[in-house]
Amino acid sequence: MAAADVLAKFLPSGVMAWDQMKSEIEPWGEIRKYHIGDTSSCRDMFSAILHVKPGWEVHPPHRHVEEEFLVIMGGTGIWYYEDKEIPAKFGDVLFTEPWALHGIKNTGKEPLIFFVSKWIGRETPLIAKSEVV
């Protein structure tokens, strides 16, 4: 199989513009999803930008098998990480390993805007929740 055929199965490189992405409106705010699918080194890649209304959270603190980055782009809130509550502000970055309890809530007066990306490494064995929690 040619290299081009192999790469064709994966997400292509490129810029995805904000105004070209579909806006999904939820009770808590807005999400625009960007890269979803497999890459040459990751399975189940997901990235999005979220605008969370004041006083809201996308969902309560949670756990999942994917590794994840969240980057605060605007607004303020509270990070929930394991048993800690940490103030969240512009420029903060959260990295979470598989099954770590995490979340974020908008505690400010303006929208909380953040970028999220999560994935599972293509060669990474899945870690069962029972192994770590």
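The values are calculated or read from the model by the stated rules, or taken from the named source; none is laboratory data. Treat the numbers as computed from the prediction; the structure is a model and nothing was measured. When we count neighbours, we look across all protein chains shown, and the Cβ atoms used for this are built from the backbone with ideal geometry, even at glycine.
Points to keep in mind about this one:
- Taking the criterion of being of a type in the set (Lys, Arg) and either touching a Ser or Thr at 6+ places or on another chain (Cβ under 6 Å) or in contact (Cβ under 8 Å) with a residue 40 or more places away in the chain (or both), the residues of the stretch 54-108 that qualify are ARG63, LYS89, LYS105.
- In the stretch 30-51, the residues that are within 15 Å of HIS64 (Cβ to Cβ) form Cβ pairs under 6 Å with partners that are aliphatic (A, V, I, L, M) and surrounded by fewer than 17 Cβ atoms within 10 Å (Cβ to Cβ), at six or more places apart or across chains, as follows: PHE46/ILE36.
- Count of the stretch 20-57 residues, restricted to those that are within 11 Å of the chain's Cα centre (by Cα) and outside any strand (DSSP E or B), is 0.
- Checking LYS118, LYS109 one by one, the residue that is at pLDDT 90 or above, over 23 Å from GLY37 (Cα atoms) and among the charged types (D, E, K, R) is LYS109 and no other.
- Within the stretch 6-37, the set of residues being surrounded by 12 or more Cβ atoms within 10 Å (Cβ to Cβ), more than 10 Å from HIS51 (Cα to Cα) and basic (Lys, Arg) comprises LYS33 only.
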